[in-house]
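The values are calculated or read from the model by the stated rules, or taken from the named source; none is laboratory data. Just so it is clear, the model here is predicted, and its values are computed rather than measured. Positions of Cβ are backbone-derived with ideal geometry, glycine not excepted, and every protein chain shown enters the neighbour counts. Accessible surface areas use protein heavy atoms only, side chains included; no ligands, DNA or RNA. Shrake-Rupley method; radii C 1.70, N 1.55, O 1.52, S 1.80 Å.
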Amino acid sequence: MTPADQPPQGGRSPRRAVAAAERTRQPTEVRRRLIVDAAVPLIAERGYASVGVRDVAAAAGVSVGTVTYHFGSVQEVLSEAMVLHIERYYAALSEAAEHATSAAEALRLLVDALFTEDTDRHWRMWFEYWHAGEQGTDEAFARGQAERYAAWHRQIRALAERGVGDGEFACDDLDGFTARFAALADGLALQRLRQAPPLTTEQARHHLNRLIAHELVPRSPA
(Lines give C-alpha, C1' and ligand atoms only; values in the text may rest on other atoms or scores of the structure.)
Protein backbone atom coordinates (compact mmCIF):
# COMPACT_ATOMS: atom_id res chain seq x y z
CA MET A 1 0.00 0.00 0.00
CA THR A 2 1.44 3.36 -0.99
CA PRO A 3 1.23 6.43 1.28
CA ALA A 4 -1.45 7.83 -0.99
CA ASP A 5 -3.54 4.70 -0.45
CA GLN A 6 -3.27 4.69 3.32
CA PRO A 7 -6.36 5.84 5.28
CA PRO A 8 -5.97 9.05 7.28
CA GLN A 9 -5.29 8.85 11.00
CA GLY A 10 -8.29 8.81 13.28
CA GLY A 11 -10.23 6.40 11.09
CA ARG A 12 -12.02 9.12 9.10
CA SER A 13 -12.74 8.40 5.48
CA PRO A 14 -11.34 11.03 3.13
CA ARG A 15 -13.66 12.93 0.81
CA ARG A 16 -13.74 11.01 -2.45
CA ALA A 17 -11.21 12.44 -4.89
CA VAL A 18 -13.64 11.96 -7.75
CA ALA A 19 -16.24 14.22 -6.18
CA ALA A 20 -14.80 17.36 -7.75
CA ALA A 21 -14.61 15.70 -11.13
CA GLU A 22 -18.22 14.64 -10.84
CA ARG A 23 -19.27 18.16 -10.02
CA THR A 24 -17.53 19.52 -13.12
CA ARG A 25 -19.83 17.38 -15.24
CA GLN A 26 -22.89 19.06 -13.79
CA PRO A 27 -24.45 21.96 -15.72
CA THR A 28 -23.31 25.40 -14.62
CA GLU A 29 -26.73 26.33 -13.24
CA VAL A 30 -26.79 23.17 -11.12
CA ARG A 31 -23.42 24.01 -9.58
CA ARG A 32 -24.47 27.61 -9.00
CA ARG A 33 -27.68 26.51 -7.29
CA LEU A 34 -25.76 24.05 -5.09
CA ILE A 35 -23.54 26.88 -3.89
CA VAL A 36 -26.41 29.30 -3.38
CA ASP A 37 -28.48 26.70 -1.50
CA ALA A 38 -25.56 26.09 0.85
CA ALA A 39 -25.27 29.80 1.60
CA VAL A 40 -28.87 30.21 2.81
CA PRO A 41 -28.48 28.65 6.29
CA LEU A 42 -25.15 30.41 6.77
CA ILE A 43 -26.79 33.82 6.38
CA ALA A 44 -29.65 32.84 8.68
CA GLU A 45 -27.25 31.64 11.37
CA ARG A 46 -24.42 34.18 11.14
CA GLY A 47 -25.71 37.18 9.23
CA TYR A 48 -24.82 38.45 5.76
CA ALA A 49 -21.70 40.34 6.83
CA SER A 50 -20.19 37.37 8.71
CA VAL A 51 -20.16 34.86 5.86
CA GLY A 52 -17.04 34.55 3.71
CA VAL A 53 -16.23 32.69 0.53
CA ARG A 54 -14.47 29.90 2.46
CA ASP A 55 -17.57 29.40 4.59
CA VAL A 56 -19.73 29.06 1.48
CA ALA A 57 -17.28 26.68 -0.19
CA ALA A 58 -17.09 24.45 2.89
CA ALA A 59 -20.88 24.35 3.27
CA ALA A 60 -21.32 23.49 -0.41
CA GLY A 61 -18.56 20.88 -0.37
CA VAL A 62 -16.64 22.56 -3.17
CA SER A 63 -13.34 24.39 -3.45
CA VAL A 64 -12.98 28.13 -3.05
CA GLY A 65 -11.93 28.19 -6.68
CA THR A 66 -15.23 26.64 -7.73
CA VAL A 67 -17.12 29.39 -5.93
CA THR A 68 -15.04 32.19 -7.44
CA TYR A 69 -15.30 30.60 -10.88
CA HIS A 70 -19.10 30.75 -10.84
CA PHE A 71 -19.54 34.02 -8.93
CA GLY A 72 -17.83 37.37 -9.19
CA SER A 73 -17.81 37.85 -5.41
CA VAL A 74 -19.11 36.35 -2.20
CA GLN A 75 -21.64 39.22 -2.13
CA GLU A 76 -23.10 37.89 -5.37
CA VAL A 77 -23.52 34.44 -3.80
CA LEU A 78 -25.14 35.84 -0.68
CA SER A 79 -27.45 38.14 -2.61
CA GLU A 80 -28.70 35.26 -4.73
CA ALA A 81 -29.11 33.12 -1.61
CA MET A 82 -31.29 35.72 0.09
CA VAL A 83 -33.40 36.20 -3.03
CA LEU A 84 -33.79 32.42 -3.45
CA HIS A 85 -34.94 31.96 0.14
CA ILE A 86 -37.39 34.86 0.04
CA GLU A 87 -38.90 33.82 -3.29
CA ARG A 88 -39.40 30.26 -2.03
CA TYR A 89 -40.97 31.46 1.19
CA TYR A 90 -43.49 33.81 -0.40
CA ALA A 91 -44.27 31.34 -3.18
CA ALA A 92 -45.31 28.87 -0.49
CA LEU A 93 -47.48 31.51 1.16
CA SER A 94 -49.14 32.31 -2.16
CA GLU A 95 -49.86 28.65 -2.86
CA ALA A 96 -51.49 28.19 0.53
CA ALA A 97 -53.64 31.29 0.06
CA GLU A 98 -54.74 30.23 -3.42
CA HIS A 99 -56.14 26.96 -2.06
CA ALA A 100 -58.20 28.69 0.64
CA THR A 101 -61.96 28.59 0.19
CA SER A 102 -62.40 32.26 1.12
CA ALA A 103 -60.40 35.45 1.51
CA ALA A 104 -60.91 35.35 5.27
CA GLU A 105 -59.43 31.85 5.41
CA ALA A 106 -56.57 32.90 3.12
CA LEU A 107 -55.69 35.82 5.39
CA ARG A 108 -55.82 33.55 8.44
CA LEU A 109 -53.49 31.05 6.75
CA LEU A 110 -51.19 33.90 5.79
CA VAL A 111 -50.98 35.16 9.36
CA ASP A 112 -50.45 31.64 10.71
CA ALA A 113 -47.63 31.05 8.22
CA LEU A 114 -45.91 34.35 8.95
CA PHE A 115 -45.44 33.51 12.62
CA THR A 116 -44.51 29.99 13.62
CA GLU A 117 -41.67 28.57 15.67
CA ASP A 118 -39.89 27.85 12.38
CA THR A 119 -40.17 31.29 10.76
CA ASP A 120 -37.58 33.11 12.86
CA ARG A 121 -34.99 31.99 10.32
CA HIS A 122 -37.01 33.57 7.53
CA TRP A 123 -37.31 36.85 9.38
CA ARG A 124 -33.57 36.94 10.02
CA MET A 125 -33.04 36.50 6.30
CA TRP A 126 -35.63 39.17 5.54
CA PHE A 127 -33.88 41.78 7.71
CA GLU A 128 -30.50 40.79 6.32
CA TYR A 129 -32.02 41.36 2.89
CA TRP A 130 -33.13 44.84 3.93
CA HIS A 131 -29.72 45.66 5.35
CA ALA A 132 -27.91 44.42 2.25
CA GLY A 133 -30.08 46.64 0.08
CA GLU A 134 -29.29 49.68 2.19
CA GLN A 135 -25.55 49.03 2.26
CA GLY A 136 -24.98 47.85 -1.29
CA THR A 137 -24.42 49.78 -4.49
CA ASP A 138 -25.71 47.09 -6.85
CA GLU A 139 -28.53 48.74 -8.80
CA ALA A 140 -29.87 45.42 -10.08
CA PHE A 141 -30.09 44.10 -6.52
CA ALA A 142 -31.86 47.26 -5.39
CA ARG A 143 -34.37 46.99 -8.24
CA GLY A 144 -35.02 43.35 -7.45
CA GLN A 145 -35.53 44.22 -3.81
CA ALA A 146 -38.04 46.94 -4.69
CA GLU A 147 -39.90 44.54 -6.97
CA ARG A 148 -40.18 41.95 -4.21
CA TYR A 149 -41.49 44.49 -1.72
CA ALA A 150 -44.07 45.52 -4.31
CA ALA A 151 -45.02 41.89 -4.98
CA TRP A 152 -45.52 41.27 -1.24
CA HIS A 153 -47.81 44.31 -1.02
CA ARG A 154 -49.74 43.14 -4.08
CA GLN A 155 -50.24 39.74 -2.48
CA ILE A 156 -51.71 41.25 0.69
CA ARG A 157 -53.91 43.67 -1.25
CA ALA A 158 -55.18 40.95 -3.57
CA LEU A 159 -56.45 38.88 -0.64
CA ALA A 160 -58.26 41.85 0.89
CA GLU A 161 -59.65 42.85 -2.50
CA ARG A 162 -60.86 39.30 -3.06
CA GLY A 163 -62.82 39.43 0.18
CA VAL A 164 -64.38 42.77 -0.71
CA GLY A 165 -65.29 41.53 -4.18
CA ASP A 166 -66.85 38.35 -2.78
CA GLY A 167 -68.86 40.32 -0.25
CA GLU A 168 -67.08 38.84 2.77
CA PHE A 169 -66.13 42.20 4.23
CA ALA A 170 -65.96 45.92 3.51
CA CYS A 171 -62.88 48.11 3.30
CA ASP A 172 -62.72 51.75 2.24
CA ASP A 173 -58.92 51.90 2.03
CA LEU A 174 -57.32 48.78 0.58
CA ASP A 175 -53.99 50.48 -0.03
CA GLY A 176 -53.90 51.77 3.53
CA PHE A 177 -54.78 48.36 4.93
CA THR A 178 -52.02 46.79 2.83
CA ALA A 179 -49.40 49.26 4.06
CA ARG A 180 -50.43 48.86 7.69
CA PHE A 181 -50.54 45.05 7.50
CA ALA A 182 -47.06 44.86 5.96
CA ALA A 183 -45.62 47.39 8.40
CA LEU A 184 -47.14 45.64 11.42
CA ALA A 185 -45.90 42.24 10.25
CA ASP A 186 -42.36 43.60 9.86
CA GLY A 187 -42.46 45.33 13.23
CA LEU A 188 -43.77 42.27 15.02
CA ALA A 189 -41.14 40.13 13.31
CA LEU A 190 -38.37 42.41 14.54
CA GLN A 191 -39.78 42.37 18.06
CA ARG A 192 -40.10 38.59 17.86
CA LEU A 193 -36.42 38.24 16.93
CA ARG A 194 -35.15 40.76 19.50
CA GLN A 195 -37.57 39.66 22.22
CA ALA A 196 -37.57 43.21 23.52
CA PRO A 197 -40.20 43.16 24.86
CA PRO A 198 -40.90 39.41 24.69
CA LEU A 199 -43.35 38.32 22.00
CA THR A 200 -44.72 34.85 21.31
CA THR A 201 -45.91 33.61 17.94
CA GLU A 202 -49.46 33.49 19.28
CA GLN A 203 -49.26 37.13 20.35
CA ALA A 204 -47.89 38.19 16.97
CA ARG A 205 -50.74 36.39 15.21
CA HIS A 206 -53.25 37.99 17.57
CA HIS A 207 -52.07 41.51 16.72
CA LEU A 208 -52.28 40.89 12.97
CA ASN A 209 -55.67 39.22 13.20
CA ARG A 210 -56.94 42.12 15.28
CA LEU A 211 -55.82 44.55 12.56
CA ILE A 212 -57.66 42.47 9.96
CA ALA A 213 -60.83 42.35 12.05
CA HIS A 214 -60.72 46.10 12.63
CA GLU A 215 -60.06 47.16 9.04
CA LEU A 216 -61.85 44.46 7.05
CA VAL A 217 -65.32 44.67 8.52
CA PRO A 218 -67.38 41.50 7.94
CA ARG A 219 -70.56 42.12 5.99
CA SER A 220 -73.81 40.82 7.36
CA PRO A 221 -75.68 38.33 5.17
CA ALA A 222 -78.33 40.04 3.04
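Of all residues in the range 115-133, those that are outside any helix (DSSP H, G or I) have Cβ atoms under 9 Å from Cβ atoms of residues that are open to solvent by 40 Å² or more (accessible area, probe 1.4 Å), 6 or more apart or on another chain, in Phe115/Thr200; Phe115/Glu202; Phe115/Gln203; Phe115/Arg205. Kindly indicate whether Ala179 is open to solvent by less than 70 Å² (accessible area, probe 1.4 Å), under 13 Å from Leu114 (Cβ atoms) and in contact with a helix residue (DSSP H, G or I) (Cβ under 8 Å, 6 or more places away or on another chain). So Ala179 does not fit the description; no.
Within the range 95-126, if we keep just the residues that are at pLDDT below 85 and surrounded by fewer than 17 Cβ atoms within 10 Å (Cβ to Cβ), the residue that is nearest to Gly163 (Cα to Cα) turns out to be Glu98.
Yes or no: the range 33-47 includes at least one residue that is at pLDDT 90 or above, of a type in the set (Asp, Glu) and open to solvent by less than 60 Å² (accessible area, probe 1.4 Å). Yes - at least one qualifying residue is present in the range 33-47. Being open to solvent by 50 Å² or more (accessible area, probe 1.4 Å), touching a residue at least 24 places away in the same chain (Cβ under 8 Å) and over 17 Å from the mean Cα position of the chain (by Cα) is a condition met by at least one residue of the range 134-144. So in the range 193-222, with the set limited to residues that are basic (Lys, Arg) and modelled with pLDDT of 95 or more, which one is most open to solvent (accessible area, probe 1.4 Å)? Only one residue fits best here, namely Arg210.
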